[in-house]
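Notes follow the structure.
What follows is calculated from the coordinates using simple rules that are stated; it is not laboratory data. Just so we're clear, the structure is a prediction, and the values are computed from it rather than from any experiment. Glycine also receives a Cβ, built like all others from the backbone with ideal geometry; neighbour counts cover every protein chain displayed.
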């Protein structure tokens, strides 16, 4: 075998191994300046290194629910469902669109009792992220932009960029801390004039990163705007419900609020098993589309299925089979709901304590009643986050705020977290 200093011989020529940079880089220019590390995972890794070195660390970065001992919180009923799946079944390829019983179970869970259920179609995806990717590639032309709030999950932009699309935002909050529906309406109107269609991402309930959930008043002001724009252009509204099962209100409020859109706009739902079933690594999700016209619904189903084949081919078969059991087996479903309820109570205790201490410390944040995250408004988030890291307290700086993952912050650490936030913001 040729070593580093040897030559690789062909039939008549010897080619020395190249150890200098190529004169002709193979990577296309649009990808050459990309960094592969997500900043959230970089911060989490640094927090973990300090923790391993014996330091007392508060790590409020990663979006995974941890118990009070810092261990990943899981649902024993889900583990039981995995054990029930026969190996020879799980080892086979999943259908490209995903197993039909899984898709039916997801739709039943999303739209229980709603007329939207009869007008829905779905495909399985690798987590909610896969659903977002399908939306961007099938409902926007290359070069066009999706629209979302100014506080958003940063991979939205990565997903759009990867697909040759862009991301545009509207101001999320008014001065009173309510959803800025006028700014959203202006954003939609602007996109209608420039690109002739719109894809709107709404991350509710429990928006990541703010924790804000649209309430009845928000929906009452927003839905007429959506209906008006749907009369003027193709409008697709995607609801990212990744955290819906951890909100304080009814997780189906958004379904009832959006029922008037049926027959007027296309509704998409990015469903994720990661949070609802505490199965982040299983990468099980679904893209659900609601469209009143049958022929159009069938075209959407075909387009989504083709995209699945071209992007990832098949999803995690074992994960879909196990979660199907969790949603359809009465005994397992009841156990899952009890165990998830205990995790909700754990998270709610942290939320309650945080909101009280944050108010006492004069911290400003949106209405926060549940979910994995909250943002604390801050004029200089990078500087504040650095000051907090000097105290071994880790949060994620975002534009105009600090994202705090209470899901990974033990109740006994919340007071220290709030103290560090106040000190960092006022440093």
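Arrange the peptides 63-74, 82-93 so that the one whose residues have, on average, the most other Cβ atoms within 10 Å appears first. Present the calculation step by step, with values, prior to reporting the outcome.
Working: 63-74: 14.8, 82-93: 11.1.
Packing order, densest peptide first, comes out as 63-74, 82-93.
Once the Kirkwood radius over Cα pairs is known for region 232-305, the Stokes-Einstein relation at 25 °C and 0.890 mPa s delivers a diffusion coefficient of 179 µm²/s. Between the beta carbons of residue 359 and residue 232, assuming R0 = 60 Å, the FRET efficiency works out to 0.90 to the nearest 0.05.
Taking every C-alpha pair closer than 8 Å and separated by at least 6 residues, the mean separation divided by the residue count of the chain gives a relative contact order of 24 percent.
Using every pair of distinct Cα positions in region 78-328, the Kirkwood expression returns a hydrodynamic radius of 18.3 angstrom.
Quick check on region 78-328: of the DSSP beta bridges with both residues there, what percent are antiparallel, nearest 5%? If you can, show how the numbers build up before the last one.
On the way: 13 of 30 bridges.
Around 45 percent of the beta bridges assigned by DSSP in region 78-328 are antiparallel ones.
Distance between the modelled labels on residue 87 and residue 141, one decimal in nanometres: 5.3 nm (7 Å Cα→Cβ projection).
Normalized C-alpha radius of gyration of the chain, against 2.2 N^0.38 Å?
Working: Rg = 23.4 Å, N = 427, 2.2 N^0.38 = 22.0 Å.
In units of the globular-protein estimate, the chain measures up at 1.06.
Computed over region 280-427, the P(r) curve from all C-alpha pair distances, binned at 10 Å from the origin, holds 10, 27, 21, 23, 17, 3 percent per bin. Counting only the backbone N, which residues of region 333-364 are under 20 Å from the spot 7 Å out from the Cα of residue 248 toward its beta-carbon? Under cut-off, by backbone N: 341-364. If R0 is 60 Å, what FRET efficiency do you get for residue 426 and residue 334 from their C-beta distance, rounded to 0.05? Computed FRET efficiency for residue 426 and residue 334: 0.80. Considering helices alone, the calculated mean residue ellipticity of the chain at 222 nm is -13500 deg cm²/dmol, with DSSP H runs of length four and up weighted by -39500 (n - 2.57) and normalised per residue.
Our compactness index for region 116-197, the C-alpha radius of gyration over the empirical 2.2 N^0.38 Å, is 1.21.
Across region 78-328, the mean sequence separation of Cα contacts (distance under 8 Å, 6 or more residues apart), normalised by length, yields a relative contact order of 32 percent.
Of 397, 76, 209, the residue with the greatest mean-square motion in the GNM of the chain, using alpha carbon springs below 10 Å, is 76. For the pair residue 217 and residue 175, the difference between a 0.36 nm per residue extended length and the Cα-Cα distance amounts to 13.5 nm.
Which of rounded, prolate, oblate describes region 364-427, given a ≥ b ≥ c as roots of the alpha-carbon gyration tensor eigenvalues and a/c under 1.5 marking rounded, otherwise prolate only if a/b is larger than b/c? It is oblate, given that a/c is not under 1.5 and a/b is not larger than b/c. Using 1/(1 + (r/R0)^6) with R0 = 56 angstrom and r between the beta carbons of residue 299 and residue 49, what's the FRET efficiency to the nearest 0.05? FRET efficiency, residue 299 to residue 49: 0.65.
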